[in-house]
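Visitor: Just passing along the structure, written as structure tokens.
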Amino acid sequence: MARTRIAIIGLGMASTPHAKSLADLSDQVEVAAAYSPSEDRCKAFSERWGVPAAVNLDAVFDDPSIDAVMVLTPPSSHLELVARAATAKKHILLEKPLEIATDRAVRLVEAAEKTGVKLGIVLQHRFRPVSLALADIIAKERLGELVGASARLSNWRPQSYYDQPGRGTRARDGGGVLLTQGIHTLDLLISFAGMPAEVTGYAVTSPVHRMETEDLAAAAIRFDNGAIGTVSATTCAYPGIPDAIELLGTKGTARIEGTSLIAQFHDGTEVRQDDGAAGGGAGADPMAFPHDHHRAVLADFLDAIEDDREPGVSGREALKVHRLIDALLRSAETGRREML
């Protein structure tokens, strides 16, 4: 089988786990080029990973031998880059979030769908072994009918994190803790429980940080079947606490906390699983985690190209969590309950 030739666009902090994943899967994928507008970053990345540096974006998009691009740039640049890649008929693996605003995210997804290229989104928590195990429990209806579903993300980021140019601004990142960190946990929650029907939320910038957008958010949610729950997300929780998702059903309860899953059922049986060291990122170093789950995202994306199917988390699928975040922030602004 011929290897997929891929180009990396954006060589900042997020590029390291992707580069490691590409190296692990070198039997399936070849890095054709790496691009950053910073010549120093291009040179350093090229030397470290032994891949060619692209002189400009035209060299990437105009090269017919490049099958796909990995877009790791700030969110405000995503729509333009995805549109160019789609026009050039190159498949796209895109770092979350889709874009800085949902209307731009919709245009991005439609641009890819119009040309028929694959668009995979890096929401890697979906690919954690504990997440897959819980998804299997739900598919087999072992929890019964859902009565409660909650999620908590309690990260720590020092002020120095937000002192980086553009970090936590609407113009570059589109938002604060919800769109940048909480998106992973909220996406995982709705992959298990479905989209809430309504949300009543609060979002603030706490005295812990000096930043434009929210660093603390909480909400009550209700689902169509009457199930209720809560969600919270913050970067104020020193020194960083493992994220948690809890599902309550008529036949049992399941909880993911950090790297562990515990599911206990009314019939006396249980399921326990642990991802081992494949966690982290809740504390001051946002990149303090192994690259296992990024590798799983990449492997799924490559298989989706080969098998001509949708990636595990498509652009259309990722729009759901953007809409939930929008509803929470609207509710926080208006003080009213928002329907989804």
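The values are calculated or read from the model by the stated rules, or taken from the named source; none is laboratory data. Note that the structure is a prediction, hence the values are computed from the model and not measured. Heads up, the Cβs are rebuilt from the backbone with ideal geometry, glycines too, and the neighbour counts pull from every protein chain shown.
Visitor: Quick one: which residue in Glu338, Glu317 is of a type in the set (Asp, Glu), out of contact with any Gly (no Cβ under 9 Å at 6 or more places or on another chain), more than 27 Å from Ser160 (Cα to Cα) and crowded, with 17+ Cβ neighbours inside 10 Å? Even if it seems obvious, please write down each step before you answer.
Guide: On the way: Glu338 fails: out of contact with any Gly (no Cβ under 9 Å at 6 or more places or on another chain).
After applying the criteria, what remains is Glu317.
Visitor: Next question. With respect to Arg142, is the statement that it is assigned to a helix (DSSP H, G or I), in contact with a Gly (Cβ under 9 Å, 6 or more places away or on another chain) and in contact (Cβ under 8 Å) with a residue 24 or more places away in the chain true? Quick ask: steps written out before the conclusion?
Guide: On the way: assigned to a helix (DSSP H, G or I): no; in contact with a Gly (Cβ under 9 Å, 6 or more places away or on another chain): yes; in contact (Cβ under 8 Å) with a residue 24 or more places away in the chain: yes.
Here the answer is no, as Arg142 does not meet what is asked.
Visitor: Could you please give the count of residues in the range 52-77 that are within 23 Å of Lys89 (Cβ to Cβ) and within 26 Å of the chain's Cα centre (by Cα)? It would help to see each step written out before you state the result.
Guide: Step one: filter the range 52-77 for residues within 23 Å of Lys89 (Cβ to Cβ), giving 52, 54-73, 77.
Now drop any that are not within 26 Å of the chain's Cα centre (by Cα), which leaves 57, 60-61, 66-73, 77.
Total satisfying the criteria: 12.
Visitor: Which residues, counting only those in the range 246-284, are in a loop (DSSP other than H, G, I, E, B), closer than 28 Å to Pro17 by Cα and not acidic (Asp, Glu)? Spell out the reasoning first.
Guide: Residues of the range 246-284 that are in a loop (DSSP other than H, G, I, E, B), as a first pass: 250-251, 258-259, 266-269, 275-284.
With the extra rule that they be closer than 28 Å to Pro17 by Cα, the set shrinks to 258-259, 275-284.
Gly258, Thr259, Gly276, Ala277, Ala278, Gly279, Gly280, Gly281, Ala282, Gly283, Ala284 - these are the residues of the range 246-284 that are in a loop (DSSP other than H, G, I, E, B), closer than 28 Å to Pro17 by Cα and not acidic (Asp, Glu).
Visitor: Scan the range 78-94 and tell me whether some residue there is of a type outside the set (Ser, Thr, Tyr), more than 23 Å from the chain's Cα centre (by Cα) and modelled with pLDDT of 95 or more.
Guide: yes
Visitor: Shifting gears a bit: Do the conditions hold for Glu99, that is, is it under 21 Å from Phe301 (Cβ atoms), at pLDDT 95 or above and among the charged types (D, E, K, R)?
Guide: So Glu99 passes the test.
Visitor: May I pose another question? Count, please, the residues in the range 295-340 that happen to be of a type in the set (D, E, K, R), closer than 26 Å to Asn225 by Cα and assigned to a helix (DSSP H, G or I). Show your work before the answer.
Guide: First, pick out the residues of the range 295-340 that are of a type in the set (D, E, K, R): 295, 300, 303, 306-310, 316-317, 320, 323, 326, 330, 333, 336-338.
If we keep only those that are closer than 26 Å to Asn225 by Cα too, we end up with 316-317, 320, 323, 326, 330, 336-338.
Filter once more, so that each one left must be assigned to a helix (DSSP H, G or I): 316-317, 320, 323, 326, 330.
Within the range 295-340, residues that are of a type in the set (D, E, K, R), closer than 26 Å to Asn225 by Cα and assigned to a helix (DSSP H, G or I) number 6.
Per-residue answers, yes or no, for (1) assigned by TED's automatic domain parsing to the domain that holds Ala219; (2) more than 21 Å from the chain's Cα centre (by Cα); (3) surrounded by fewer than 18 Cβ atoms within 10 Å (Cβ to Cβ); (4) not hydroxyl-bearing (Ser, Thr, Tyr):
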site	(1), (2), (3), (4)
Lys140	yes, yes, yes, yes
Ala149	yes, no, no, yes
Asp163	yes, yes, yes, yes
Arg170	yes, no, yes, yes
Leu179	yes, no, no, yes
Ile183	yes, no, no, yes
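Visitor: Within the range 215-239, restricting attention to residues that are assigned to a strand (DSSP E or B) and touching a Leu at 6+ places or on another chain (Cβ under 6 Å), which residue is surrounded by the fewest Cβ atoms within 10 Å (Cβ to Cβ)?
Guide: Cys236
Visitor: For Ala111, indicate whether it is of a type outside the set (D, E, K, R) and either surrounded by 23 or more Cβ atoms within 10 Å (Cβ to Cβ) or without any contact (Cβ under 8 Å) to a residue 60 or more places away in the chain (or both).
Guide: Yes.
Visitor: Let me ask something else about it. What do you reckon, is Gly166 in a loop (DSSP other than H, G, I, E, B) and at pLDDT 95 or above?
Guide: yes
Visitor: Same structure, new question: Condition first: assigned to a loop (DSSP other than H, G, I, E, B) and in contact with a Lys or Arg (Cβ under 8 Å, 6 or more places away or on another chain). Now tell me which residues in the range 200-214 satisfy that.
Guide: Hits for the range 200-214 are His209, Met211, Glu212, Thr213.
Visitor: Take the residues in the range 64-82 that are part of a loop (DSSP other than H, G, I, E, B), touching a strand residue (DSSP E or B) at 6+ places or on another chain (Cβ under 7 Å) and not hydrophobic (A, V, I, L, M, F, W, C); name whichever of them is surrounded by the most Cβ atoms within 10 Å (Cβ to Cβ).
Guide: Per the criteria, the residue is Asp67.
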